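Peer 1: Take this structure first; my questions come after.
The values are calculated or read from the model by the stated rules, or taken from the named source; none is laboratory data. These numbers were taken from a predicted model, which means no experiment stands behind them. Heads up, the Cβs are rebuilt from the backbone with ideal geometry, glycines too, and the neighbour counts pull from every protein chain shown.
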Amino acid sequence: MSDVLHLSWEYPPWAVGDLSRRLKGILPGLSSLCPLALVVRGDRDETLQMDGMSVYKAGIAVRASPNFIAFSQTLNVELARRGSDALHSEPGIALIHTHDWISSIAGVYLATNFKLPLIISVYSTEETRARPPLGVLNKGIHDLERYCFQRAQALIVETEEMKRHLGGQYRPPVGAEVCLTPEEIFGVYRRWLG
Amino acid sequence: MRVLMLSWEYPPHLVGGLGRHVENLSKHLASQGEDVVVMTFTDGSSPKRELVDGVRIIRVNPYCLRYPDFITWVQGLNMLMVEAASQAPDFDIIHAHDWLSAYAGIALKHMARKPLIATIHATEMGRRGSLHNDSERHIHEVEWWLGFEAWRIICCSRYMSREIASDLGCPPSKITIIPNGFDPSFRSDAGAEGQDPAPRAANGSGTFLFVGRLVHEKGPHLIVRAAGILKERGIRFDMVGEGAMKPFLEDMVKKSGLRENVRLLGHVSEMDLHRLYSSCFACVFPSLYEPFGIVALEAMSAGVPAIVSKTGGLDEIVEDGINGVEFTPGSAESLAKAILRLIDEPALYQKIVQNGKASLERYSWPMVAEQTRAIYSSVMDEYDRGRWKPSLQRRRSCR
């Protein structure tokens with residue numbers, strides 16, 4: 001039974017960008033410190049064991065979307081759906097951890113409705129990814145990032161620069177913490193897991 | 001029973017007929033003893049929480065975020081509804097209206113593990129005739145998703161039931177038809193002003209009234225074309241409503257030399273609308289797509305005949321020559337003939353007015369609420385007998 005529920009839109013073999021590689025570098029080590037469940041996008045709904053974790057794959061019903069925000073909002077309902085499956089079948093889960101804004105909308109859904117703390121790891125933001133001038137799509141993503149980051153009980157980043165950037169651009173109520181290793185991330189978890 | 005109703009519009013914020021539908025349904029459910037919470041939109045000009053007619057209303061304001069288009073705006077509204085639901089009173093059943101609240105309905109269904117009921121008022125395929133771009137395809141797929149996730153689907157006509165079954169692939173056994181209700185407080189002031197329809201029928205005076213959005217599916221262009229055919233008879237048309245086709249219609253009226261015959265009035269106040277209903281000779285609703293057709297009931301209530309295209313829900317409300325006149329959908333020539341038939345046959349006119357008022361009895365909101373409660377009860381019976389429930393450990397903390 002898991003203690004922490006992770007949400008991500010990619011994890012190997014599902015790979016879109018760099019995030020899946022980063023998670024592959026962290027989650028197996030972290031799962032040796034505390035039991036983890038992972039909800040990730042997949043070809044279809046499926047539950048399996050992978051890298052020491054319970055993995056809940058979420059199939060996606062809606063394929064057509066006019067833009068990336070529309071796609072991600074739909075994806076997050078599916079992640080919340082499978083996250084609910086995990087939370088109802090593993091009552092020991094006491095913490096939700098999401099990765100970047102793309103899975104954090106579902107994190108906010110689950111954290112507020114199941115009354116659990118939410119941790120968000122931020123690897124990059126729309127400000128750092130997009131080239132100026134920012135279009136209306138970039139501004140929409142920026143606002144969703146702010147919405148999610150402001151609802152997290154802890155924010156984890158990899159660099160001091162990102163920590164300063166978050167504080168300046170998104171003004172979250174909690175300061176970001178730099179954590180590079182599974183042990184450092186587990187240190188954050190222990191505030192809630194005891 | 002505790003019902004969480006999800007709707008993107010609710011008074012005072014109204015866009016189409018959906019908001020009034022949800023208001024009347026919620027009000028009558030509450031009056032029959034159900035505990036109804038409506039979660040809906042505000043632009044900041046209405047209270048975030050209020051109690052009206054026994055219905056608790058929770059509003060969220062999506063303008064705290066920026067959006068590239070309407071779909072993402074709707075999704076932002078849904079996102080805030082899901083968050084607000086964590087602060088809302090507990091509920092037994094979720095009732096979502098159209099794709100516009102599907103995202104929140106599906107997310108809440110799975111988190112709370114409570115049954116979801118969907119009312120599908122119209123479909124994207126029906127509105128557009130086909131799917132032309134990713135936005136329309138997205139909406140269509142979300143409608144499919146809502147139909148798939150819903151325990152039971154409610155729609156307002158046999159026509160919509162067939163459309164949902166064929167276009168969204170829903171099993172017919174999952175669909176229940178409950179015709180929309182008609183609010184009896186919507187009355188023309190014809191009686192008060194002593195404007196009995198009989199003299200109008202006798203001399204064929206008065207205008208023909210169209211009420212609806214000026215969009216292709218409502219067929220407003222057919223009225224202008226029919227006005228052209230009937231130009232020599234001097235028949236006049238008043239068109240109430242706004243929409244994307246307005247500049248096109250204005251141009252059409254100008255080019256056809258029909259400025260004396262067709263007036264585009266735009267939005268009018270409720271009082272003016274009642275006045276127009278009560279003073280017109282008849283109403284014309286030439287829809288190409290119409291899931292229900294509440295305007296036909298408004299005409300009947302005002303004591304004027306409705307001339308409707310033989311399509312969708314309109315065809316189920318109106319029986320040709322009995323409580324209205326029907327014509328071939330999309331045909332201005334057929335519409336012109338129907339108009340002349342009504343002018344030339346005063347006896348038919350009187351008969352239709354009398355039968356129209358009697359027809360309204362079939363569309364009562366208390367009856368709609370009773371039928372909706374029966375669906376809630378049968379779904380809750382099935383739910384209670386099933387195994388899909390929140391885990392015992394989560395039941396206290398969830399929501």
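Peer 1: Does B:Tyr103 fit the bill of being outside any helix (DSSP H, G or I), assigned by TED's automatic domain parsing to the domain that holds B:Val379, buried (at least 19 other Cβ atoms within 10 Å of the Cβ) and not basic (Lys, Arg)?
Peer 2: Values: outside any helix (DSSP H, G or I): no; assigned by TED's automatic domain parsing to the domain that holds B:Val379: yes; buried (at least 19 other Cβ atoms within 10 Å of the Cβ): yes; not basic (Lys, Arg): yes.
Considered against the rule, which asks whether it is outside any helix (DSSP H, G or I), assigned by TED's automatic domain parsing to the domain that holds B:Val379, buried (at least 19 other Cβ atoms within 10 Å of the Cβ) and not basic (Lys, Arg), B:Tyr103 comes out as no.
Peer 1: Take the range A:31-67 and flag every residue that is out of contact with any strand residue (DSSP E or B) (no Cβ under 6 Å at 6 or more places or on another chain) and under 15 Å from A:Glu78 (Cα atoms).
Peer 2: Within the range A:31-67, A:Asp43, A:Arg44, A:Asp45, A:Gly59, A:Ile60, A:Ala61, A:Val62, A:Arg63, A:Ala64, A:Ser65 qualify.
Peer 1: Report yes if B:Trp99 is in contact with a helix residue (DSSP H, G or I) (Cβ under 9 Å, 6 or more places away or on another chain), free of Cβ contacts under 8 Å to residues at least 24 places away in the same chain and more than 7 Å from chain A (Cβ to nearest Cβ), otherwise no. Don't jump to the end; show me each part of the working.
Peer 2: Working: in contact with a helix residue (DSSP H, G or I) (Cβ under 9 Å, 6 or more places away or on another chain): yes; free of Cβ contacts under 8 Å to residues at least 24 places away in the same chain: no; more than 7 Å from chain A (Cβ to nearest Cβ): yes.
So B:Trp99 does not fit the description; no.
Peer 1: Step by step: first the residues of the range B:53-73, then only those that are more than 9 Å from chain A (Cβ to nearest Cβ) and part of a helix (DSSP H, G or I), then the one that is farthest from A:Ile105 (Cα to Cα). Which residue is that? Show your work before the answer.
Peer 2: Going residue by residue through the range B:53-73, those that are more than 9 Å from chain A (Cβ to nearest Cβ) are B:53-63, B:70, B:73.
Subset that is part of a helix (DSSP H, G or I): B:62-63, B:70, B:73.
Working: B:Pro62: 15, B:Tyr63: 17, B:Phe70: 19, B:Trp73: 15 Å.
Checked the range B:53-73; the qualifying residue farthest from A:Ile105 (Cα to Cα) is B:Phe70.
Peer 1: With A:His88, A:His99 as the choices, which residue is closer than 21 Å to A:Ser20 by Cα and out of contact with any Asp or Glu (no Cβ under 7 Å at 6 or more places or on another chain)? Show your work before the answer.
Peer 2: Details: A:His88 fails: closer than 21 Å to A:Ser20 by Cα.
One residue alone meets the criteria, A:His99.
Peer 1: Tell me the residue from B:Leu258, B:Leu273 that is free of Cβ contacts under 8 Å to residues at least 40 places away in the same chain and either in a strand (DSSP E or B) or over 28 Å from B:Glu124 (Cβ atoms) (or both), please. Reasoning before the result, please.
Peer 2: On the way: B:Leu273 fails: free of Cβ contacts under 8 Å to residues at least 40 places away in the same chain.
None of the others qualify; the one that does is B:Leu258.
Peer 1: So which residues in the range A:117-150 are over 14 Å from A:Leu166 (Cα atoms) and either part of a helix (DSSP H, G or I) or over 14 Å from the mean Cα position of the chain (by Cα) (or both), if there are any at all?
Peer 2: Here is the first cut: in the range A:117-150, the ones over 14 Å from A:Leu166 (Cα atoms) are A:117-119, A:130-141.
Matches in the range A:117-150: A:Ala130, A:Arg131, A:Pro132, A:Pro133, A:Leu134, A:Gly135, A:Val136, A:Leu137, A:Asn138, A:Lys139, A:Gly140, A:Ile141.
Peer 1: OK, next. Examine the range A:152-166 for a residue that is among the hydroxyl-bearing types (Ser, Thr, Tyr) and more than 13 Å from chain B (Cβ to nearest Cβ), and state whether such a residue exists.
Peer 2: yes
Peer 1: Additional query: Quick test for you: out of B:Lys114, B:Lys109, pick the one residue that is in a loop (DSSP other than H, G, I, E, B) and within 13 Å of chain A (Cβ to nearest Cβ).
Peer 2: On the way: B:Lys109 fails: in a loop (DSSP other than H, G, I, E, B).
Residue meeting the stated conditions: B:Lys114.
Peer 1: Another question about this same structure. Out of the range A:109-151, which residues are in contact with a Gly (Cβ under 8 Å, 6 or more places away or on another chain), more than 9 Å from chain B (Cβ to nearest Cβ) and among the aliphatic types (A, V, I, L, M)?
Peer 2: A:Leu118, A:Ile120
Peer 1: Which residues, taken from the range B:122-165, are in contact (Cβ under 8 Å) with a residue 12 or more places away in the chain and not in a helix (DSSP H, G or I)?
Peer 2: Matches in the range B:122-165: B:Ala122, B:Thr123, B:Gly129, B:Ala150, B:Trp151, B:Arg152, B:Ile153, B:Ile154, B:Cys155, B:Cys156, B:Ser157.
Peer 1: Considering only the range B:216-239, state which residues are surrounded by fewer than 18 Cβ atoms within 10 Å (Cβ to Cβ) and among the aliphatic types (A, V, I, L, M).
Peer 2: B:Ile229
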